[in-house]
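This report refers to the structure that appears directly beneath it.
The values are calculated or read from the model by the stated rules, or taken from the named source; none is laboratory data. What you see is a predicted model; the values in this text were computed from it and never measured. Cβ sites come from the backbone with ideal geometry, for glycine too, and all protein chains shown count toward neighbours. For accessibility, only protein heavy atoms count, side chains too; no ligands or nucleic acids. Shrake-Rupley method; radii C 1.70, N 1.55, O 1.52, S 1.80 Å.
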Amino acid sequence: MIKPFFIFIIFLIGLSALQSCYYDNEEELYGAAVDCGLGNLSYTEDIVPILDRFCYECHDDFNQLGGITLEGHSNVIPHVESQALLGSIKHDPGYSAMPDNAPKMDFCRIEAIEIWIAEGALDN
């Protein structure tokens with residue numbers, strides 16, 4: 001008959017084997033070492049397609065979930081100035097992680113929005 005002590009030891013060995021299968025995403029842990037090739041960003045050509053793909057489903061002129069619309073430059077700017085847009089898409093603490101119930105946008109899209117904001121969030 002197997003003694004409870006040996007069952008416990010086998011359980012610990014099995015548990016440690018499961019722990020070794022844990023996978024971290026390097027990009028999430030350390031940031032991406034990716035060159036996104038971003039330059040000369042345009043609101044119309046670069047930012048609107050990102051917002052259209054990830055935001056407009058819930059935050060366009062028709063839906064306005066949470067009272068927020070991101071359709072149109074003049075509607076985006078208050079969220080840029082309050083830092084809510086960037087905080088939400090970067091999943092920063094204190095902001096609602098967006099897109100809601102979906103994975104975070106990829107690094108290059110977030111970087112594009114961040115650079116566009118840093119360059120003055122122009123309506124170009």
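For GLU27, the criteria (1) assigned to a helix (DSSP H, G or I); (2) at pLDDT 95 or above; (3) in contact with an Asp or Glu (Cβ under 9 Å, 6 or more places away or on another chain) hold in every case but one, which is (2).
Determine whether segment 66-88 contains at least one residue that is at pLDDT below 95 and either touching a Pro at 6+ places or on another chain (Cβ under 7 Å) or open to solvent by less than 30 Å² (accessible area, probe 1.4 Å) (or both). No; the residues of segment 66-88 include none that is at pLDDT below 95 and either touching a Pro at 6+ places or on another chain (Cβ under 7 Å) or open to solvent by less than 30 Å² (accessible area, probe 1.4 Å) (or both). Scanning segment 70-96 for residues that are part of a loop (DSSP other than H, G, I, E, B) and either touching a residue at least 60 places away in the same chain (Cβ under 8 Å) or out of contact with any Lys or Arg (no Cβ under 7 Å at 6 or more places or on another chain) (or both) yields LEU70, GLU71, GLY72, SER82, GLN83, LYS90, ASP92, PRO93, GLY94, TYR95, SER96. Consider LEU122 carefully, then state whether it is in contact (Cβ under 8 Å) with a residue 60 or more places away in the chain and either surrounded by 14 or more Cβ atoms within 10 Å (Cβ to Cβ) or not in a helix (DSSP H, G or I) (or both). So LEU122 passes the test. Could you tell me whether segment 4-16 includes any residue that is surrounded by 11 or more Cβ atoms within 10 Å (Cβ to Cβ) and either in contact with a helix residue (DSSP H, G or I) (Cβ under 8 Å, 6 or more places away or on another chain) or modelled with pLDDT of 85 or more (or both)? No. Residues of segment 30-59 being surrounded by 14 or more Cβ atoms within 10 Å (Cβ to Cβ) and at pLDDT 95 or above, which ones? TYR43, ASP46, ILE47, VAL48, ILE50, LEU51, PHE54, CYS55, TYR56, CYS58, HIS59 - these are the residues of segment 30-59 that are surrounded by 14 or more Cβ atoms within 10 Å (Cβ to Cβ) and at pLDDT 95 or above.
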